[in-house]
């Protein structure tokens, strides 16, 4: 097999997927950011790393006369993304896809894979104010596709959501396959969906450490901002109080740190109650988002797209206790509905399956980088908290690397589909 090159973004998700698909490491990885290179090297030590701008990198000198079988490229997407809103774009970042053309012309890879935000399809010239000229949307994009065609590449693209392929995130991106080997382009089949025709979506709850649900929102030294309280209130109403079947987590089985607690339906029996008393808590967690106006989503759904900024996702956990107005104790026989507590302080109640529960506490914490890593689809053992020399990676950097990365399973599935076709397997 010829050389495999990854002009990667973020923490190295594409390389992870490529290695899984091909059963071998990438030969060359390119990124302009020394920190990204250091994290990539910690996880992909067998790869030759090039710390250089994708435009100026001299890959031909590294490859020599050897054939290049495939190249993956994820040019910076920030100046194409709708997350930019109405802000001016950076022309230098918007033209990065032309670096793919430069390397394609010099190296002639058999297959080129590209990943970016869907808005790249509107790539066009900027006005004097630095904003896209709406009447000329897609002009530069079409020029790029035509230029690649002049080099002998066929071009196909699709917008795909990672959750449809088994990742616990809804991240939707544009993917393109360009090839000059005369073979047809293949796309992976969807594997996850409604649970009827596909396997169920993988929920973010599988990535969350429920042994730590954070602090009570009522007992903080520094009260939460009004806007944060309003977000929590909206989520509580939508995902707990008005949800006919809220997502339930039973906490308190003596889980070790990092061990996932039991996740049950409200109808299932609770585990053994120990002699020291009830050590189980009924919790209805949901995800709140601290950007834009979105309320958030249930914890048994895939996580929404991870951004490059920390503090955008919070875990809100509403603790429920069976509510009895008299405060009388009830026997703790196995079924979940039989667990009781003393009369609480007139908090909000919720009816679940004909039973009334009181919201006894609400807790909040931010999702950690280790959880976001799993939600992005990285393996549990993937290193994001230290560089290859052992230097710790700040939390802000960890989140940035995750948010900028390709979802590994997407690279794996797309590469596997096309390299199998190319190799006749």
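The values are calculated or read from the model by the stated rules, or taken from the named source; none is laboratory data. Quantities reported herein were computed from a predicted structural model and do not represent experimental measurements. Every residue, glycine among them, receives a Cβ derived from its backbone with ideal geometry; neighbour counts consider all protein chains shown.
Some values worked out for this structure:
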| item | result |
| --- | --- |
| Any hit, the stretch 381-390, residues being assigned to a helix (DSSP H, G or I) and at pLDDT 95 or above | no |
| Test for residue 393: is it in contact with a helix residue (DSSP H, G or I) (Cβ under 9 Å, 6 or more places away or on another chain), surrounded by 14 or more Cβ atoms within 10 Å (Cβ to Cβ) and modelled with pLDDT under 80 | no |
| Subset of the stretch 150-172 (residues that are within 22 Å of residue 184 (Cβ to Cβ) and assigned to a strand (DSSP E or B)) | 154, 155, 156, 157, 158, 159, 160 |
| Selection status of residue 124, in contact (Cβ under 8 Å) with a residue 12 or more places away in the chain and on the phi > 0 side of the Ramachandran plot | no |
| Pick from the stretch 175-192, criterion surrounded by 15 or more Cβ atoms within 10 Å (Cβ to Cβ) and without any contact (Cβ under 8 Å) to a residue 60 or more places away in the chain, ranking: nearest to residue 68 (Cα to Cα) | 190 |
| Residue check, residue 89 crowded, with 16+ Cβ neighbours inside 10 Å and modelled with pLDDT of 90 or more | no |
| Evaluation of residue 257 against (1) under 29 Å from residue 397 (Cβ atoms); (2) over 22 Å from the mean Cα position of the chain (by Cα); (3) at pLDDT 75 or above (one fails), failing number | (3) |
| Counted residues, the stretch 162-185 - those being more than 23 Å from residue 75 (Cβ to Cβ) and under 25 Å from the mean Cα position of the chain (by Cα) | 4 |
| Unique match (being in contact (Cβ under 8 Å) with a residue 12 or more places away in the chain and over 26 Å from residue 404 (Cβ atoms)) among 133, 208, 217 | 217 |
| Single match in 11, 2, 17 (criterion: at pLDDT below 95 and surrounded by 16 or more Cβ atoms within 10 Å (Cβ to Cβ)) | 11 |
| Selected residue [free of Cβ contacts under 8 Å to residues at least 40 places away in the same chain and closer than 26 Å to residue 316 by Cα] from 162, 167, 225 | 225 |
| Lone unmet requirement of (1) over 29 Å from the mean Cα position of the chain (by Cα); (2) crowded, with 20+ Cβ neighbours inside 10 Å for residue 40 | (1) |
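Per-residue answers, yes or no, for (1) within 25 Å of the chain's Cα centre (by Cα); (2) modelled with pLDDT of 95 or more; (3) assigned to a loop (DSSP other than H, G, I, E, B):
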| site | (1), (2), (3) |
| --- | --- |
| 148 | no, yes, no |
| 187 | yes, yes, yes |
| 196 | yes, no, yes |
| 210 | yes, no, yes |
| 221 | no, no, yes |
